[in-house]
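The block underneath contains the structure these notes are about, expressed in structure tokens.
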Amino acid sequence: MAPGDDELLPIGNIAKRSGVNASALRYYESLGLIESVRSASGHRRYRRSALRRVAYIVFAQRLGFQLEEIAAQLEGLPKHHAPSGEEWSGLSKTWMARVDDRIQELTHLRKSLENCIGCGCLSMKVCHVFNQADYIGKQGAGPRLWLGDTLKAAED
Ligand code: FES
């Protein structure tokens, strides 16, 4: 068979080409992110177009998207053949907003770190890195971090 969209590849081949291990590929498949067919011998076979989907998944994860978000993004794309360049391009535009958000978060973290350098107090009251926007204080009074599950169980 000539290489093309319909060429079916074994999981090891997809793993080697994508750099994603076989167990992760099976997990992606269980979430519906990629799809396989069974060979006559019962082994998984993936269409060549699965490679681009895996590349998309890996890249989107690096940008901080959760697998559930990625699944929603991939939902509109064809599973049985490679999406067009236009379809990929439209999809990757959603990445720009995420990149902007990450830049903003990291810029804020960098500013906060400047206050921490040489300090090391990790104070829950004054350290914006350790207790950003006093999120621990909003959970209630007392030593919330030390009590952990014990406190949570008592509140339920
Ligand atoms: S470690 Fe002291 S302010 Fe962050």
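Taken over the stretch 102-116, the criterion of being among the aliphatic types (A, V, I, L, M) and either in contact (Cβ under 8 Å) with a residue 12 or more places away in the chain or not assigned by TED's automatic domain parsing to the domain that holds Q61 (or both) is satisfied by L109, L113. Which ones in the stretch 37-70 are small (G, A, S) and touching a residue at least 24 places away in the same chain (Cβ under 8 Å)? Listed by number, the residues that qualify are S39, S49, A50, A55, A60, G64.
When S41, S89 are checked against the criterion of being more than 18 Å from the chain's Cα centre (by Cα), surrounded by fewer than 17 Cβ atoms within 10 Å (Cβ to Cβ), in a helix (DSSP H, G or I) and in the same structural domain as A15 (by TED's automatic domain parsing), a single residue qualifies: S89.
Going through the stretch 54-64 one residue at a time, which ones are open to solvent by less than 70 Å² (accessible area, probe 1.4 Å) and modelled with pLDDT of 90 or more? Answer for the stretch 54-64, where residues must be open to solvent by less than 70 Å² (accessible area, probe 1.4 Å) and modelled with pLDDT of 90 or more: V54, A55, I57, V58.
Exactly one residue out of S36, S18 is open to solvent by 20 Å² or more (accessible area, probe 1.4 Å), closer than 28 Å to D100 by Cα and not acidic (D, E): that is S18.
Of the residues making up the stretch 69-120, just one is hydroxyl-bearing (S, T, Y), more than 30 Å from L51 (Cβ to Cβ) and more than 16 Å from the ligand (Cβ to nearest atom), namely T107.
The values are calculated or read from the model by the stated rules, or taken from the named source; none is laboratory data. Note that the structure is a prediction, hence the values are computed from the model and not measured. With ideal geometry, Cβ positions are generated from the backbone for all residues, glycine too; neighbour counts draw on all protein chains shown. We work out accessible area using only protein heavy atoms, side chains counted, and drop any ligands, DNA or RNA first. Shrake-Rupley method; radii C 1.70, N 1.55, O 1.52, S 1.80 Å.
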